[in-house]
Amino acid sequence: MNNKHKILFISGSPRNGNTDFLFSKLYEAIDNENKQLILLKDKDIKFCRGCLFCHAKPSCAIKDDMEGILAEMTKADILIIGTPNYFDNVSGLMKSFMDRCHPLYKEKLLSGKKVILIFVGGGEIKGTKKYLNISFLGFVRYLKLKLIGSYAFQALDINELKEKNVFREFDKIIRKIN
């Protein structure tokens with residue numbers, strides 16, 4: 001693996017469930033010392049107020065942990081972003097995160113950065129992937145990210161992925177990173 005790439009993992013799960021399990025295992029599987037895992041549930045992230053402060057300069061009027069997360073995103077070469085599927089959409093935590101990324105938009109601070117999306121849902125994989133790709137459409141497009149892959153995993157019960165062989169999918173993801 002090319003250790004020159006900075007890889008930033010961002011999990012939008014509000015609990016210690018399948019998404020975080022998947023992210024921790026994928027994080028371990030990627031042989032790169034230049035990586036970081038952010039669990040949004042452990043951060044203080046307030047809701048976007050739509051005040052448009054970020055239209056004047058690439059920062060937010062709200063002072064919380066998003067300031068540091070945005071800085072890490074701008075340093076990363078590859079973003080791996082994951083969320084559970086809630087009613088064929090992202091988690092509320094992930095939606096708040098996405099909205100708060102607006103300061104990066106006008107200055108095109110993420111333009112061309114690679115992104116991989118990972119979804120975990122209790123329904124069929126095909127539906128989870130379809131609807132969550134749609135949920136991320138504007139996020140990827142307006143931030144000018146380069147989507148290099150999206151992957152969906154099926155799990156509903158909190159520890160369900162621990163009993164499934166999800167690791168064969170990791171090879172596909174790791175190949176996308178290289």
Go through the range 1-49 and give me each residue that's within 19 Å of residue 69 (Cβ to Cβ) and small (Gly, Ala, Ser).
-> 11, 12, 13, 24
From the list 120, 90, which one is crowded, with 19+ Cβ neighbours inside 10 Å, in a loop (DSSP other than H, G, I, E, B) and under 15 Å from the mean Cα position of the chain (by Cα)?
-> 90
Within the set of pairs 6+ apart or on separate chains, which have a first residue in the range 46-75 that is within 22 Å of residue 92 (Cα to Cα) and touching a residue at least 12 places away in the same chain (Cβ under 8 Å), a second that is among the hydroxyl-bearing types (Ser, Thr, Tyr) and in a loop (DSSP other than H, G, I, E, B), and C-beta atoms under 8 Å apart?
-> 54/105
Can you find even one residue in the range 132-150 that is in a helix (DSSP H, G or I), among the aliphatic types (A, V, I, L, M) and without any contact (Cβ under 8 Å) to a residue 24 or more places away in the chain?
-> yes
Would you check if residue 126 is surrounded by fewer than 13 Cβ atoms within 10 Å (Cβ to Cβ) and at pLDDT 90 or above?
-> yes
Determine which member of the set 132, 145, 137, 93 is under 27 Å from residue 4 (Cβ atoms) and either at pLDDT 95 or above or of a type outside the set (Asp, Glu) (or both).
-> 145
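The values are calculated or read from the model by the stated rules, or taken from the named source; none is laboratory data. Not measured: the values here are computed from a predicted model. Neighbour counts run over all protein chains shown; Cβ positions are idealised from the backbone, glycine included.
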